[in-house]
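Step one of this worksheet: look at the structure below.
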Amino acid sequence: MKRIISCVCVALMGVLLFAGAQKDVKGSAPDKNADLGKMWTAMEGDPISLVDYDMEKQVTLGDYQNLSFEVQYNKVTEQSVIDTINQALGQYPDYKKLDKDTVEEGDLVNIDYEGKLDGKAFDGGTDEGAHLEIGSGSFIEGFEEGLKGVKVGETKELKLTFPKDYAEDLAGKDVVFTVKVNSIEEETYYDYENVPDDFIKENLGYDTKDDLYTYVWNYQQTNSQQEKESNARDALLDNMIKVSKIKVPKELLEYKVREYLSSFIKSIVESDGSVADYLAQKYSMSPEEFEKSVTDQMKKSIKGQMVLYAVAGKEGIKADKEGFNQYAKDFAGYYQYSSVKELYKQFPKKEIKLAYQVKKTTDYLMKNAKIRYVGVEAGAKE
């Protein structure tokens, strides 16, 4: 649920405010979604925009010139890099052949196999160099048992029957597997301290483990810096809202919530699904609970836009032509529109201008704020 709601905030701050939502999307599955309230249907009429309101009447700004706050972020350390590398190595076992020639319970065997149904190979029934632990129950009943006692290099035919509750095309069907035991092996895993460079190169694509370390370090540093900046902007907005008095227009909030919810359920009802069932399974929430969460987060996001728009007005921060044109071009490219013209068919130009002003205002406030950055190491208590 957290991720969906945070997506609402991101969309709002980027002014991807779900324009063009379906007018009565829940109507395509009336039996399953008849209980949904009006908030799940987009409002009729012209789009309602923040720029249609006078911020001087809606917002009383606090002391935004002297903001001071702390921002935490994940600090990159040698241990965080090594832990990440070890997680990656945990996905790539190394196999060594054992000096053993007969398959027994518990052995890890390397096999080639081909399964046939009515004399023809079936999808998913063939593999080469596959690893199988005898007794693990990974294959259908009789497969692993049938390999016990087979010698390395031998081929054996296994006449088996798929379970009745298996995939429809194979359920209850009699099949024949031709299996060759290539070797009996031992599975081992490396960690950063003992992994050989040739294993790194073969499995992870880097010449040495030092090269891999450098890549992961730089990658984590980039992510850490992005997180640092994102957390700072979030904290800035939270503090701006705290020091200001903001009246969110009811009709604007309702418009944005209904626009989001009607877009959210579009794919669900188009597949004849139940919104209530979907929310219960994915988020353990009822439609009413989800609607309240979206409303709360949407209100906070609108407050953030309002307070920034109010500062833009007070400080004379406008959408300069050159900067705005580049912003619109980048915006269109990021969201994969073929041109700015196509972007404006989906989103009103005034909304894109608002997003640009909000960005410029945020940059302005960030320069003036006194921010204390605190790096937190992985696993450390805050």
| Normalised by the number of residues in the range 100-193, what is the relative contact order in percent for Cα pairs under 8 Å and 6+ residues apart? | 36
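Compute, for the range 137-192, the length of the dipole vector about the Cα centre, with Cβ point charges of +1 (Lys, Arg) and -1 (Asp, Glu) only. Units Debye, rounded to 20.
360
Counting only C-alpha contacts under 8 Å and six or more residues apart, can you give the relative contact order of the chain as a whole percent?
Averaging sequence separation for qualifying contacts and normalising by length gives 31 percent for the chain.
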| field | Span from the the range 339-363 Cα centroid across to the the range 61-108 one, whole angstrom | value | 39
| field | Local electrostatic count at residue 201 - Lys and Arg +1, Asp and Glu -1, tallied over other residues with Cβ under 11 Å | value | -4
| What FRET efficiency would be calculated for the residue pair residue 69, residue 224, taking the C-beta separation as r and a Förster radius of 22 Å, to the nearest 0.05? | 0.70
| Calculated FRET value between residue 320 and residue 342, using beta carbons and R₀ = 25 Å, to 0.05 | 0.60
| remark: Rounded to the nearest 5, the percent of DSSP beta bridges in the chain running antiparallel is 80
| Going by a ≥ b ≥ c, the root eigenvalues of the Cα gyration tensor, does the range 59-118 fall in the rounded group (a/c under 1.5), the prolate group (a/b larger than b/c) or the oblate group? | prolate
| Ignoring ligands, DNA and RNA, what percent of the accessible area of the chain is carbon or sulfur (1.4 Å)? | 46
| message | Give me the 1.4 Å probe accessible area per residue for the chain, excluding ligands and nucleic acids, in Å². | response | 58
| aspartates and glutamates with Cα under 12 Å of residue 116, excluding same-chain neighbours fewer than 8 positions away | 157, 174
| request: State the answer as a single residue: which of 324, 177, 89 lies farthest towards the positive end of the charge dipole of the chain, with beta carbon charges of +1 for Lys and Arg and -1 for Asp and Glu, about the Cα centre. | output: 324
| Cα-based Kirkwood hydrodynamic radius, the chain, one decimal, Å | 26.5
| message | Placing unit charges on C-beta atoms (Lys and Arg positive, Asp and Glu negative, everything else neutral), compute the dipole magnitude of the chain about its Cα centre in debye, rounded to 20. | response | 3260
| Can you count the Lys pairs in the range 302-354 whose Cα atoms are under 17 Å apart, with each pair 8 or more apart or on different chains? | 19
| field | Dimensionless Rg ratio for the range 183-275, taking C-alpha atoms and the 2.2 N^0.38 Å reference | value | 2.06
| query | Using the Kirkwood radius built from alpha carbon pairs, what does the Stokes-Einstein equation give as D for the range 205-357 at 25 °C and 0.890 mPa s, in µm² per second? | reply | 127
| Over the range 185-295, what is the mean sequence separation of C-alpha contacts under 8 Å (at least six apart), divided by residue count, expressed as relative contact order in percent? | 11
| message | Nearest 500 deg cm²/dmol is fine: what mean residue ellipticity at 222 nm does the chain get from its DSSP H runs of n ≥ 4 alone, each adding -39,500 (n - 2.57), divided by its residue count? | response | -15000 deg cm²/dmol
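The values are calculated or read from the model by the stated rules, or taken from the named source; none is laboratory data. The structure presented is a predicted model; accordingly, all values stated were derived computationally and were not measured. Quick reminder, even Gly has a Cβ in these numbers, built from the backbone with ideal geometry, and neighbours come from all protein chains shown. Surface areas here come from the heavy atoms of the whole protein model, side chains and all, with no ligands, DNA or RNA. Shrake-Rupley method; radii C 1.70, N 1.55, O 1.52, S 1.80 Å.
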